[in-house]
1. Could you please find all residues in region B:201-218 being in contact with a Gly (Cβ under 9 Å, 6 or more places away or on another chain) and surrounded by 11 or more Cβ atoms within 10 Å (Cβ to Cβ)?
2. Looking at this structure, is A:Gly15 among the small types (Gly, Ala, Ser), within 7 Å of another protein chain (Cβ to nearest Cβ), farther than 16 Å from B:Gln222 by Cα and touching a helix residue (DSSP H, G or I) at 6+ places or on another chain (Cβ under 6 Å)?
3. For region B:383-411, give me each residue that is in contact with a helix residue (DSSP H, G or I) (Cβ under 9 Å, 6 or more places away or on another chain), among the small types (Gly, Ala, Ser), under 20 Å from B:Gly262 (Cβ atoms) and at pLDDT 90 or above.
4. Among the listed residues B:Trp61, B:Trp100, which satisfies the condition of being more than 30 Å from B:Ile350 (Cα to Cα) and either within 14 Å of another protein chain (Cβ to nearest Cβ) or in contact with a Phe, Trp or Tyr (Cβ under 7 Å, 6 or more places away or on another chain) (or both)?
5. Go through region B:295-306 and give me each residue that's farther than 18 Å from B:Arg102 by Cα and in contact (Cβ under 8 Å) with a residue 40 or more places away in the chain.
6. For region A:3-18, name all the residues that are in contact with a strand residue (DSSP E or B) (Cβ under 9 Å, 6 or more places away or on another chain) and either in a loop (DSSP other than H, G, I, E, B) or within 15 Å of A:Ile55 (Cβ to Cβ) (or both).
7. Does any residue in region A:38-66 that is farther than 15 Å from B:Ser39 by Cα come within less than 7 Å, Cβ to Cβ, of a residue that is among the acidic types (Asp, Glu) and crowded, with 21+ Cβ neighbours inside 10 Å six or more places away or on a different chain, and which pairs are these?
8. Sort out for me the helices (runs of 4 or more DSSP H) sitting completely within region B:314-396 that have 3 or more residues that are within 25 Å of B:Glu173 (Cβ to Cβ).
Amino acid sequence: MTVFVNQQPLEVSAGTIVATAVAMAGITQFRTSVLGQARGPICGMGICMECRVTINGQTHSRSCQTVCSEGMEILTGG
Amino acid sequence: MDKASLDFDIVVVGGGPGGIAAATVAAECGARVAILDDSPWLGGQIWRGFPRQRAAPARLWLQRLEHSGVTPMTGTCVIAAPARGCLLAESQAHSLTICWKRLIIATGARELFLPFPGWHLPGVIGPGGLLGLAKNGWPVRNKRIVVAGSGPLLLAAAAGFGKLGAALISINEQTPVTTLRRFALQLVRFPTRLSQALQLRVFTRGAPYRPGVWPVRADGEQTVRRVTLTDGLKTWTEDCDILACAFGLTPNVELPLAVGCGLDGEFVAVDEFQQATMEHVYCAGELTGIGGSECAQIEGQIAGYSAAGQQDQARSLFRCRARHHGFRSHLLRAFALRPEVIALADDATILCRCEDVTLGTVRRFASWREAKLHSRCGMGPCQGRICGAATKSILGWAAESIRPPIVPSRVESLISGSCGRAGLRL
């Protein structure tokens, strides 16, 4: 299936989680911290909230707990 | 989903090995059982990855769970326990009230992260967390990975990265070599554990396993590029793309506390039937002590049988559990943290990653509560789950209470959160 990471199309297999798709797109900065630092996931299991991205317009979505769906739009760095 | 379908005899929270075992045996005894998990699939962290690629025993347990008639509720996060016998939860689309006669909590553990300069950089990640992501396709092939921290998970995760084609640089375990050697000798009494460890070492061949070594800082611009390691005498750097680092595991006790369960040290206190200090509430797995997935499966079954009223069947597993608990106490002793790793952060190091509060700022206050009120540390989206555990290790402060909602949740879920006339008091 195709998802869009920062508007760029990316082919992923069914069952791929959003965090995986973001990393596959070569992106390391998932979000920007309060003081402007680059951040990425540290726990990988839905607890640390560092993997937050915007998914289909929904801000602060945990990318590590969300499964990709066809045409999903993912925005990072927010 | 209609409301009637959300009344269960037994509700299991946590879909890892312990929760799956508990739910399965309870349903096989004839109880109406639901199992809830925050993740998109059952299996917990240890059996995480692509659901179809699972090996035994995960596959066997999940097949048995399916046949047992348990109602699986994945992608469902418990946000509060507004009244006895009732949980408030939310999924992506729904806010749910779920009622129980018996509650089994098996929410497992998370990795313990201790701050050090540069730990906030992307690419610094828990070894267990990264393994779960890598099994789902997170790219690790040919990536230079330094593994550091403490606990048997380091070797297991490193082996996983090795299998997936990563360029493992080194595995660094803070436990001193003498302690580790004593632990290894004890393993002779647990032959399956010994063979597991030896098998893992096969996949990490080529990368040194260094006891008595720990990280002191990570450097890089947008992502980690270098890690500085020490053995207490000399200090050196290693280039890497990923630093997989955590200092053991810490139990997810937020829900047991919200329900009113008492603790024994940092773990939930349970009796021989896995019942917590509250009647009809059971806890199993890492919540009650870090014993690994085999131990969690036994404890889960004991909790499941006990909750279903089959005490004799629960009792038949006591001996097996005692053996696992023997191993558990060896683990606890062997991987105790040395004082140096607790003191890695300096005053400029970010302690609270959600609100970017430094250790220097937090240190000025007298308690966790005071620090929270004045600096916002621990008040961000993770609700202190990462920095709270670190602060407990560094400053010895414990979280004083748990208040609903126990995770960030939608306002409509909170508004809908009434159980009879109890309501949700925030």
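The values are calculated or read from the model by the stated rules, or taken from the named source; none is laboratory data. If you're wondering where the values come from, they're calculated on a predicted model, not measured in any experiment. Positions of Cβ are generated from backbone atoms using ideal geometry, with glycine treated the same way; all protein chains shown enter the neighbour counts.
1. Across region B:201-218, the qualifying residues are B:Phe203, B:Thr204, B:Ala207, B:Gly212, B:Val213, B:Trp214, B:Pro215, B:Arg217, B:Ala218.
2. No; evaluated as a whole, the condition is false for this residue.
3. B:Gly388, the sole residue that qualifies.
4. Only one candidate qualifies: B:Trp100.
5. Within region B:295-306, B:Ala296, B:Gln297, B:Ile298 qualify.
6. A:Val3, A:Phe4, A:Val5, A:Asn6, A:Gln7, A:Leu10, A:Val12, A:Ala14, A:Gly15, A:Thr16, A:Ile17, A:Val18
7. Going by the 7 Å Cβ cut-off, the qualifying pairs are A:Arg39/A:Glu50; A:Gly40/A:Glu50; A:Pro41/A:Glu50; A:Ile42/A:Glu50.
8. B:318-334, B:339-342, B:387-395
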